[in-house]
1. Condition first: over 16 Å from residue 305 (Cβ atoms), hydrophobic (A, V, I, L, M, F, W, C) and either at pLDDT 90 or above or over 24 Å from the mean Cα position of the chain (by Cα) (or both). Now tell me which residues in the stretch 345-395 satisfy that.
2. Pairs please, first residue from the stretch 77-88 and farther than 22 Å from residue 16 by Cα, second anywhere and open to solvent by 50 Å² or more (accessible area, probe 1.4 Å) and among the hydroxyl-bearing types (Ser, Thr, Tyr), Cβ atoms under 9 Å, 6+ apart in sequence or on different chains.
3. Within the stretch 231-262, which residues are surrounded by fewer than 17 Cβ atoms within 10 Å (Cβ to Cβ) and under 18 Å from residue 294 (Cα atoms)?
4. When the residues of the stretch 45-89 are narrowed to those that are surrounded by fewer than 19 Cβ atoms within 10 Å (Cβ to Cβ) and part of a strand (DSSP E or B), which ends up modelled with the highest pLDDT?
5. From the list 319, 344, 381, which residue is in contact with a Gly (Cβ under 7 Å, 6 or more places away or on another chain) and either over 25 Å from residue 207 (Cα atoms) or of a type in the set (A, V, I, L, M, F, W, C) (or both)?
6. Answer with yes or no whether residue 348 is out of contact with any Lys or Arg (no Cβ under 8 Å at 6 or more places or on another chain), among the small types (Gly, Ala, Ser) and without any contact (Cβ under 8 Å) to a residue 60 or more places away in the chain.
7. Being closer than 19 Å to residue 36 by Cβ and within 32 Å of the chain's Cα centre (by Cα) is the filter here; which residues of the stretch 76-94 pass it?
8. Being modelled with pLDDT of 90 or more, in a helix (DSSP H, G or I) and surrounded by 24 or more Cβ atoms within 10 Å (Cβ to Cβ): is that true of residue 164 here?
Amino acid sequence: MPMLSSVLNDFEEKYGYPLKLKSGDGDIPVEHVTGDSRDTFKNSVFCCIKGENSDGLEYASAAAANGAVAFLSDRKPAENLPWIMTGNVRRDMGRLSALVYGEPCEKLKMFAVTGTNGKSTTAWMIRHILRSCGIKTGIFGTIVYDDGSGEREAERTTPESCEIQRLLAEMVKNGCLACVMEASSHGLDLGRLEGCAFDGAVFTNLSEEHLDYHGAIENYFLAKERLFTAFMKPGWRAACNADDPWAKRLIDRFAPVAVPFGLEPAGEGYFASVTSSDASGSGFGVSTPEGGNIRVFLPLPGRFNVYNALGAIALLFPFIEDRSAISAALKTMPQVPGRLERYFFSNGACAVIDFAHTPAALKNVLSELRLMCGGVLTAVFGHGGERFRQNRPLLGLYGAQICDKLII
């Protein structure tokens with residue numbers, strides 16, 4: 001268990017600026033960092049986050065009663081415990097956590113997926129390929145968190161930074177060699193990835209979402225771009241969808257580190273030629289910058305799943321020595337929960353459950369289903385409360401244009 005004074009010394013050496021104790025003694029052991037007083041126990045550092053609806057300082061006494069031994073805050077707590085002062089609690093919570101938990105990112109191959117649509121499926125594809133190659137891999141995402149000992153339902157796409165570092169440390173303890181993480185724009189903007197460093201990342205695409213939070217799509221893009229400017233290891237690699245104009249900005253900025261993938265060949269990259277596509281899945285060949293093609297059959301239907309697979313292939317190609325193992329793994333790719341998840345009935349009907357909740361995603365899903373559907377296509381969908389209301393007319397428009405019946 002590290003001593004607080006030692007962690008603070010390491011902090012300045014790693015990040016180039018000090019986190020100083022403004023009061024109290026640093027000669028105390030610390031083993032846990034949290035921003036939730038209910039998650040506080042003996043030898044915890046409690047981080048007093050000031051949010052939109054509450055102020056962490058109001059919970060300092062509860063954290064102390066539960067065993068907190070120090071506070072990280074931008075203002076002095078009333079409790080007489082060691083106080084580490086910072087001007088940015090969210091940023092330094094993640095960085096401090098990484099050191100307390102033994103810098104787990106340095107012990108794992110770290111992969112991230114960001115973009116509007118396709119993050120979950122691409123992340124699951126990356127994990128499946130790595131696992132199929134014998135590389136035990138954990139995951140953070142919209143569907144589950146898996147620390148190598150088991151899965152639990154995800155509370156949000158990108159957890160708080162202290163929870164990420166704790167779970168990464170659990171992955172290391174449980175024998176994982178790699179981790180794949182969905183990086184949401186909220187997580188990036190709110191500093192939840194602080195303390196993380198990635199070997200590679202995929203940028204899937206960008207369309208209007210979360211503009212209730214970001215205000216404009218340019219701000220939304222800049223939040224996503226921050227993954228590549230602030231959280232990558234030396235020698236990092238990015239795989240970017242060359243058929244998406246926002247991803248092309250990253251290719252232009254970060255070439256040759258950012259490699260393109262897509263269905264429209266555009267120079268050197270990973271480009272697919274689809275040879276078959278139906279409800280059972282898609283067959284396609286992939287040209288690679290290394291020369292030669294690989295053949296893939298993906299048992300997940302839809303053009304967008306070809307894009308998801310291309311992102312995983314382009315990212316992992318240099319990391320997997322046996323390239324045939326990539327196509328072999330994708331051939332056994334299981335359904336991803338809630339992502340074009342198919343249920344077949346004895347009367348010949350098929351129900352498909354999909355997470356599509358933006359106009360672009362709904363249009364893509366319904367267009368693919370329209371091609372596969374030989375009968376009546378009925379869609380049941382809605383829109384989350386207090387979300388970007390401007391999306392609602394477009395959701396209705398695409399549903400009405402493509403489907404035979406709508407239930408909203």
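1. Matches in the stretch 345-395: 345, 349, 350, 351, 373, 376, 377, 379, 380, 381, 394, 395.
2. 77/61; 78/61; 79/61
3. none
4. 85
5. Answer to the selection: 381.
6. It is true that residue 348 is out of contact with any Lys or Arg (no Cβ under 8 Å at 6 or more places or on another chain), among the small types (Gly, Ala, Ser) and without any contact (Cβ under 8 Å) to a residue 60 or more places away in the chain.
7. Selection gives 84, 86, 88, 89, 90, 91, 92, 93, 94.
8. Taking the combined requirement at face value, the residue satisfies it.
The values are calculated or read from the model by the stated rules, or taken from the named source; none is laboratory data. Keep in mind the model is a prediction, meaning the values are calculated, not measured. Here Cβ is always computed from backbone atoms with ideal geometry, including for glycine, and neighbour counts include all displayed protein chains. Side chains included, ligands, DNA and RNA excluded: accessible areas come from the protein's heavy atoms. Shrake-Rupley method; radii C 1.70, N 1.55, O 1.52, S 1.80 Å.
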